[in-house]
Each structure stands twice: as structure tokens, then as C-alpha cells.
1. Identify the residue in segment 325-378 that is of a type in the set (Lys, Arg) and loosely packed, with under 15 Cβ neighbours inside 10 Å and, among all such residues, is farthest from residue 270 (Cα to Cα).
2. Of all residues in segment 124-178, which are of a type in the set (Ser, Thr, Tyr) and under 20 Å from the mean Cα position of the chain (by Cα)?
3. Wholly within segment 87-156, which helices (runs of 4 or more DSSP H) include no fewer than the required count, namely at least 1 residues that are under 25 Å from residue 224 (Cα atoms) and not hydrophobic (A, V, I, L, M, F, W, C)?
4. Just to be sure before I move on: is residue 239 more than 8 Å from the ligand (Cβ to nearest atom), buried (at least 20 other Cβ atoms within 10 Å of the Cβ) and of a type in the set (Lys, Arg) in the structure I sent?
5. I'm trying to understand the selection: among the residues of segment 383-418, which are assigned to a loop (DSSP other than H, G, I, E, B), of a type in the set (A, V, I, L, M, F, W, C) and within 22 Å of residue 55 (Cα to Cα)?
6. Taking segment 269-294 as the region of interest, how many residues are within 19 Å of residue 354 (Cβ to Cβ) and within 12 Å of the ligand (Cβ to nearest atom)?
7. Could we say that residue 321 is among the β-branched types (Val, Ile, Thr) and crowded, with 19+ Cβ neighbours inside 10 Å here?
8. Only residues in segment 32-51 that are part of a loop (DSSP other than H, G, I, E, B) count as the first member; pair them with residues that are surrounded by fewer than 11 Cβ atoms within 10 Å (Cβ to Cβ), Cβ under 6 angstrom, at least 6 apart or cross-chain, and list the lot.
Amino acid sequence: MGDQVKLNAGGTEFDYPVLKGSVGPDVIDIRKLYAQTGKFTYDPGFTSTASCESALTYIDGDEGVLLHRGYPIGQLAENSSFMETSYLLLNGELPSADELATFENTITRHTMLHEQLANFYRGFRRDAHPMAIMCGVVGALSAFYHDSTDISDPEHRKISSHRLIAKMPTIAAAAYKYSVGQPFVYPDNKLSYTGNFLRMTFGVPAEEYEVVPAVEKAMDRIFILHADHEQNASTSTVRLAGSSGANPFACIAAGIACLWGPAHGGANEAALNMLKEIGTPDKIPHYIERAKDKNDPFRLMGFGHRVYKNYDPRATVMQKTVREVFDALKVTDPLFETALRLEEIALNDPYFVEKKLFPNVDFYSGIILSAIGFPTTMFTALFALARTVGWVAQWNEMISDPGQKIGRPRQLYTGPTQRDFVPIGQR
Ligand code: ACO
């Protein structure tokens, strides 16, 4: 018998098996806890709870390690493409050249949107946040692609996964086009996944759009860095929504809604807005003091992480990419200097050192995206675009798991005990 953990509940001892993963902390299997003891565990925010078994992504937050199917994120960002990383996440292994070509071709052939969806966009106000449009349009896909929503059929799951990955750049680019009052640009199958997205976003029908290779590479790398991140809030949302048997388009729309929040994907937008507010390095000490003040709601956006208690390995790649994009576009941004100085000051401040608060993926991404030409409101939409592959891979893994159950947490109830209804005239 493997390791067991003993729990003494009400004078009786119960044994709970300890499950071992391939790497990382062991987990205590408490599935029988309630049936045996009549008690639940209490873990708001799931800080000590493994909600599922997964073979996709591994994070060691203390060491700053992020692996996709075993491959370190730094190696993937350096040597892989977003399409190749997507294949890896979906299928478990790196593709052969033929497999990659077939996958890229399949994704390319699904990039167009049903023309009727253009009307859907027109229902939004021009100043709608792109994430509001993304939530609505992605959810609406379930009304257009009925032929791939039988989630018990692996072929349907595969087609809807491909559709979601393929259509997300078209959807995000159209959200941008709508906000600036320009016509939607149809996909161009000659271009790469990322080149196509840049053209659909920044191209106009009146002239040829030239994809700048260094920008295409940087954007593709940003997509790789955001592709998956274990059981984070939005991924857990997708899994929870999917656990009821909801169709994949609805599940991904739920993930997009969760990602929108400033504590999660919305932090890239918030981080750049914060850097703009700070402005010049001389103002940094004032904002550092505010971030440390418990009575001030201000936090250093792009700093801190639930899992990383070390430098987020994605932030390292991001910082390097800022310089590459600046060189390629022959631009610079004084906010980059402010960001570097802010990082230096924070990492030497006992508050941030003791709480192990380091820059996360969002700290530098806004500077790059802004240099490429994206407005801040698009930042989280780009995150959603890239994370879609992680969401669908995790959703597929969950549906394929024979042990899958509907997600249904319990609670510690602290409300009133049973009482009798009082008619309105007697209250
Ligand atoms: N600035 C100042 N103080 C902070 C920050 C910050 N950015 N982050 C955490 N702290 C402090 C908290 O006040 C808390 O202090 P206390 O122990 O004295 O109460 C301590 O550090 C621990 O923070 P928690 O909020 O308990 O940590 P949690 O794991 O719940 O939160 C989170 C993680 C939400 C990411 C938090 O660090 C944060 O709000 N950061 C800013 C937003 C951000 O950058 N989010 C992006 C995350 S990455 C992503 O989603 C892609």
C-alpha cells in the first residue's frame, strides 16, 4: 500500500491515500472524507486544493519553473512557434514536420467567421470593451456551429477545438476594427497564424499590409507565453463550466469572462495604466509606499502571483522581447525605463522581498503591445486569444477523463438557521 495520511475525526481514525504525480507535491485523496466523517475541508481560493489530475502544464512557483508537457517555457519561447506549442498542448508531443504542416493547414482553414456574425458585432456600441465583445461573440459561436457541439464525440471536440483556436484571432481583430470604425479584414491563408492576426488588426482594404517579421515573431512569442498556465482562475472556470456538459463555445466564453478581471488577465491593461500614472522614475517611491499601505487599495499591478514566489519565467522572456520589438520598430518608450526602475526598487524593498512579490507575465507585456500599436483595451483580448489553446486542451483533457464529475464545491454555511416566514405587515 502507498503512503497514507491519518486523520482523527471525533475519536475515530481514518486513512487517506497519498497520490503521487510525476513531479511536484503529493496530494491527499480526500474523496471519501465527507462520506466517512461527515465533514468538508475549508479552502477558500483553493490555495491547498488540487481540483483535477492533469498532464498538460507543471509550475514550480518557488523555483520559477513552467513546463508544458515537460518542456520549459523558455525553450518553447526561444525555439518553437505558437502553432507548434498549441499542437504540443493539445496532443501531448511535439509534432513531426508533416504533423505540424497538417495542423497549421487545418487551423488556417477554420479562420473565417460565419458572415452573419458581422451583424452581431454591429449590435455593440462602438466604445464597447473588446472583452465584452469577445465574451458575447465567442458564446454566440455555439449558435452557429451546431455540427460540432456533441461533447461525447471526440471528433466533434477536435473540430470545435480547432474552430476556437482558428477563429479567435479573427474575432479579436474584428473587435478592434469595430472600435476604430474600420471595415473587418478577412483572413489571408497565405500568412502565418500570427501574421494573419496582425494583418486583420492593422491592415486596411485600401492598401497592402506588410507583416514585419520581428513583430510577427515577438507577437507569436507572446502568444506562446500565454498559451496555458495550469489550473488558474479562468482555466478552472472553463473546466467548471464544461463539467456540466456545456458546449465548448459557452465554456470558453466563461473563461474569457473570468480572465477579464484585473487580478487575472486584466492585469496587463492595469499594469500599463499604472506605469502611465506613475510616469517618471522619480514618482516611484510614492507609489511603492502606496502599494505597501494596507489602508490604500493601490497594488503594484503586474507584481505578485498566487503560485510564483520567484521571478515569473515568462516575465524574463517578456523583458527581453521589449528590447527586440523596440529595435525592430526603431522606437523606444520612457515607460520601459520606469518599469525597469520600479522592478529594481521593489525587488530591493523588504515588503516585496518578504512577501516574495516578483514581476509577473503582465508587467512588461503592455509595453510591447503598446509599441506594436495595440490600445490598452486590447491587451486582455490578446491574452484570451492565446489562452484559448490552453482552455480547449484542459477542457478536452477533462471530458476525456473517465473519472470526470460535475464540479460542485461545498461551503461553510454561516447564515441564519431555519426560521419562520413573517408576513410583511408584521415586520
Ligand atoms: N502589490 C502590493 N502588495 C501585494 C501585491 C501587489 N501587487 N500582491 C500581493 N500583495 C501583498 C498582499 O497585500 C498580501 O499582503 P498581506 O499578507 O500583508 O495581507 C500578500 O502580498 C499576499 O497577497 P495575496 O493577495 O494574499 O496573494 P494572492 O495569491 O491571493 O494574490 C495576486 C495573487 C491576485 C496575483 C496578487 O499578487 C495581485 O493582486 N497582484 C496584482 C495583479 C496582477 O498583477 N495580477 C496578474 C496575475 S498573473 C495572471 O493572471 C496572468
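Rule-based calculations on the coordinates, nothing more; no lab input. Computed from a predicted structure; not experimentally measured. Because the Cβ atoms are built from the backbone with ideal geometry, glycine has one as well, and the counts that use them run over all protein chains shown.
1. Residues of segment 325-378 of a type in the set (Lys, Arg): 330, 341, 355-356.
In the following step, the residues that additionally are loosely packed, with under 15 Cβ neighbours inside 10 Å were identified as 330, 355-356.
Numbers: 330: 26, 355: 21, 356: 21 Å.
Among those residues, the one meeting the criterion is 330.
2. First pass over segment 124-178, keeping only residues of a type in the set (Ser, Thr, Tyr): 142, 145, 148-149, 152, 160-161, 170, 176, 178.
Within segment 124-178, 160, 161, 170, 176 meet the criteria.
3. Numbers: elements: 97-108, 117-122, 130-140.
Passing ranges, in order: 97-108, 130-140.
4. Answer is yes for this residue.
5. So the first thing to find is which residues in segment 383-418 are assigned to a loop (DSSP other than H, G, I, E, B), and the list is 401-418.
Now narrow it down to the ones that are of a type in the set (A, V, I, L, M, F, W, C): 406, 412.
Scanning segment 383-418 gives a single hit, 406.
6. Result for segment 269-294: 8.
7. Numbers: among the β-branched types (Val, Ile, Thr): yes; crowded, with 19+ Cβ neighbours inside 10 Å: yes.
Yes.
8. 40/410; 42/412; 49/43
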